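Here's the structure we're looking at; comments come further down.
Here, each number is a calculation from the coordinates, and none is a lab measurement. Nothing here was measured: the structure is a model prediction, and the numbers come from that model.
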Amino acid sequence: MAGSSHRRSATPQYELDASEFFTIILEASVSSMTQRLPDSFMNMLMGEDPPNNVKLRQAGSGFRRQWDVQLVIKKGHMYLSRGWEKFYRAYDLQLGYFLLFRYDDDANMLIV
């Protein structure tokens with residue numbers, strides 16, 4: 001309709017809930033060793049008994065391949081640490097890659 005101020009976005013809209021977040025690989029050398037998690041995600045996990053480890057798996061892969069990854073807190077921020085590098089290399093993650101994470105509380109798992 002001519003003059004209409006309503007336009008459809010070419011990009012689909014998607015709202016993330018507290019158990020979902022995304023990251024973009026910006027520094028290959030640093031990101032391959034650790035991956036910082038959003039503070040909002042850390043705050044969600046910091047309940048009565050926060051986990052020290054999570055399992056990572058690729059979305060759509062079922063439960064065939066899971067990666068044990070340690071969670072560490074440094075200078076007030078949470079990171080994926082020991083085990084992240086193996087996941088990073090296995091999927092050949094590179095500069096500019098966009099990763100969407102979803103946390104499954106029941107399985108203590110991050111689905112990527």
Row for the range 45-112, column shape: gyration tensor on C-alpha, a ≥ b ≥ c, rounded if a/c < 1.5 i.e. under 1.5, prolate if a/b over b/c, else oblate; value oblate
Amide H proximity to Leu37 below 5 Å, modelled H, separation 5+ or other chain, gives Met78, Tyr79, Leu80
